[in-house]
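The values are calculated or read from the model by the stated rules, or taken from the named source; none is laboratory data. Note that the coordinates shown come from a computational prediction; the quantities given were computed from them, not determined experimentally. Note that we place each Cβ from the backbone using ideal geometry, even for glycine, and neighbour counts take in every protein chain shown. Please note that ligands, DNA and RNA were not included when accessible areas were found on the heavy atoms of the full protein model with its side chains. Shrake-Rupley method; radii C 1.70, N 1.55, O 1.52, S 1.80 Å.
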Amino acid sequence: MSSTQEMDQEQETAFGSIIKHDLLASVVVFLVALPLCMGIAIASGVPVAAGLISGIVGGLVVGTLAGCPLQVSGPAAGLTVIVYEVVQRFGLEMLGTIVLIAGLMQAVAGVLKLGQWFRAVSPAVIKGMLAGIGVLIFASQFHVMVDDKPKGSGIRNLVTIPQAIWKGLAIPEFNGREDRKFRTEMLRTVGDLHQRQVNLHERVAERVPHPGNREKAESSDALVEIATVDLVDLATEQSQITKELSAVDVRLKEFETESVPSKKFTRINEAASLAILQSGAAATALQQNNIEEILPRQVQAVASLEDLMSHQKNHHLAAYLGILTIAVILLWQGAAPKPLKVVPAPLIAVVLATLVAALLAVPVLYVEIPNNLWSDVRFPSLTVLSSAPWAAVVQAGLMIAVVASAETLLCATAVDQMHQGPRTRYDRELFAQGVGNVVCGFLGALPLTGVIVRSSANVQAGGRTRASAILHGLWLLIFVAGLAFVLRLIPTSSLAAILVYTGYKLVNPKSIRDLGKYGRGEVAIYAATVSTIVITDLLTGVLVGIGLAAAKLLYTFSHLATRLEQEQGSRRVTLSLQSAATFVRLPALARELEKVPARAELHIDFSELDYIDHACLDLLMNWAKQHESTGGKLVIDWQSLHARFNPDTAKNGAPASESVVGPNESVGESTVSQ
């Protein structure tokens, strides 16, 4: 057979493997990734489209370049806390730039072959970081699951969970189907207007700097250069939103006259009037090119629409859908027939919750997504870049780069343990992640990492090559581009419920037991990392964990335990050394030697010693000379010592098991033959 025929046969075999294994695996991973991309975007405080674009890039770009072929990348729950804080601090318009900076850092680190160094973090810190993120996700998404907003800090989200439970336990209102259909239609309409207002706010912010950068922006020539024509289209769109809000207000009042008056409808009408007022003020600021008022008015317009939506919410109905979602996940994982478990539980749960919401016309919040996904793509703006606080922006980018890299490479290590195929090339994987985040940053999407949930689903579904990861990105692209209307049928509370469950799984109480096998110190580092993340923020928590791990390491290599025992009726004295004998513990060792009686025969036990340095050996030798003058002896098990701390020397010579150090011998001059 010719070489050409052999190559053709190999290609046919590889193609057959892709069709047989990777095609099915890619469909499974796509079904896992779809709800997670949307849920993580909502948890991060960004449009759903940003999460979907990241999932597409994770498949098509990172999947092609990856050093871990079976790892699947996309937006990850582990970064939601950081992204949420970045958006709150810098504005949505700066997110892409920060993600792009993080990607550049990762790519450079990959080129410099620093992939292994990102893994040089104590497991207690990594597990504590993931658990802390899990607690924050659980606490924040618990509120979203009842169609409420997160309260801000992690502690506030935790302590207000009882309030969310109380809202979910409200007595249900048994309204007629027509009433529910109208409420649902109004929620969808206002939700669509809210999504358009957020989109408009971001586009305005690309030309007018974020309020957090106001001081620098006022001294910048960028504001002076904003031409009126640049804002005309935006003013027209804002006026259109105001007009549609007025139509909503009219319909609400008409419905109220036809139904039984209630305090809730009164509050809804008041909120609608305020939203119209704020939207009109935002339009006026744009029409007049009032630079000082444009962004504040946009913020108020967004807030007024959120307030209108909050008055229309039915927390108890959203809670029922969330509970249904979690229950289906647990039942499917525990009771579904094994052949059917290839279909991911979160997908089954979301589909069922969506069907229930549609059939019963449940008036809750639904996913907000534009018909054209690419209308939410936001490229970096020169106006935003010219007024950015670069020191803080680079710091945020570094934080995303470090956490994303650590999570990715730890995930890659876990994936390697799941299969017998090619091992991970860490530097290449880090470079691929960097390229992916550069693309995500350029498109204004969420940062991505390797994700263990999708990767394990890929392996379990039979994925063999990188084709499964690439194809999953292609399926995401096709589905989102052609079936965006389907996504708008999904209740937000159902996606939040998936994140609540994911947060619980990230905490993983089993990891505490595993760490306990290595001592209480590891558990203490874990607990300190988790609590600090929840109380303060992710960066502080990770730094505290790393600091404690370093302190524990320093203690381990500077701690020396000694035990001096004398046999009754004998001159023999045994000095046992445990842990590490270094110059730091030289005074402690000297104090023990001073306790040895004159004329005693001192035996030193090194069996429990991890390390001894030259300073301590020199002390022993010098002390031996002095002790010899009193008629005593120092007996050292040189064979054990050399075997433990100088294996090369032990191989070259065969020292006596015990040697008596005489007065004329020094550290390098024992009876050991060289």
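Restricting to region 462-477, name every residue that is within 19 Å of residue 343 (Cβ to Cβ) and surrounded by fewer than 22 Cβ atoms within 10 Å (Cβ to Cβ).
Answer for region 462-477, where residues must be within 19 Å of residue 343 (Cβ to Cβ) and surrounded by fewer than 22 Cβ atoms within 10 Å (Cβ to Cβ): 462, 475.
Listed here are the residues, each with its yes/no results for (1) open to solvent by 50 Å² or more (accessible area, probe 1.4 Å); (2) under 22 Å from residue 535 (Cα atoms); (3) modelled with pLDDT of 90 or more.
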| residue | (1), (2), (3) |
| --- | --- |
| 75 | no, no, yes |
| 82 | no, yes, no |
| 133 | no, yes, no |
| 155 | yes, yes, no |
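How many residues are within 24 Å of residue 180 (Cβ to Cβ) and either touching a strand residue (DSSP E or B) at 6+ places or on another chain (Cβ under 9 Å) or open to solvent by less than 80 Å² (accessible area, probe 1.4 Å) (or both) when one looks only at region 235-257?
Summing the residues that are within 24 Å of residue 180 (Cβ to Cβ) and either touching a strand residue (DSSP E or B) at 6+ places or on another chain (Cβ under 9 Å) or open to solvent by less than 80 Å² (accessible area, probe 1.4 Å) (or both) in region 235-257 gives 9.
Which members of region 320-363 meet the condition of being open to solvent by less than 30 Å² (accessible area, probe 1.4 Å), over 24 Å from residue 25 (Cβ atoms) and either at pLDDT 90 or above or not β-branched (Val, Ile, Thr) (or both)?
Hits for region 320-363 are 321, 322, 325, 353, 354, 357, 361, 363.
Return the residues of region 160-174 that are touching a helix residue (DSSP H, G or I) at 6+ places or on another chain (Cβ under 9 Å) and closer than 26 Å to residue 532 by Cβ; say none if nothing qualifies.
Passing the criteria: 160, 161, 163, 164.
Could you please give the count of residues in region 599-616 that are within 13 Å of residue 634 (Cβ to Cβ), open to solvent by 30 Å² or more (accessible area, probe 1.4 Å) and not acidic (Asp, Glu)?
1
Report, by residue number, each residue of region 275-298 that is more than 14 Å from residue 240 (Cα to Cα) and surrounded by fewer than 16 Cβ atoms within 10 Å (Cβ to Cβ).
288, 290, 292, 296 - these are the residues of region 275-298 that are more than 14 Å from residue 240 (Cα to Cα) and surrounded by fewer than 16 Cβ atoms within 10 Å (Cβ to Cβ).
Which one is modelled with the lowest pLDDT, of the residues in region 34-59 that are more than 11 Å from residue 492 (Cα to Cα), assigned to a helix (DSSP H, G or I) and not hydrophobic (A, V, I, L, M, F, W, C)?
If we take residues in region 34-59 being more than 11 Å from residue 492 (Cα to Cα), assigned to a helix (DSSP H, G or I) and not hydrophobic (A, V, I, L, M, F, W, C), then 44 is modelled with the lowest pLDDT.
Looking only at region 464-498, which residues are part of a helix (DSSP H, G or I) and without any contact (Cβ under 8 Å) to a residue 24 or more places away in the chain?
Hits for region 464-498 are 478, 482, 486.
Can you pull out every residue in region 259-313 that is of a type in the set (Lys, Arg) and in contact (Cβ under 8 Å) with a residue 24 or more places away in the chain?
264, 267, 313
Within region 440-463, which residues are assigned to a helix (DSSP H, G or I) and of a type in the set (Val, Ile, Thr)?
452, 453, 459 - these are the residues of region 440-463 that are assigned to a helix (DSSP H, G or I) and of a type in the set (Val, Ile, Thr).
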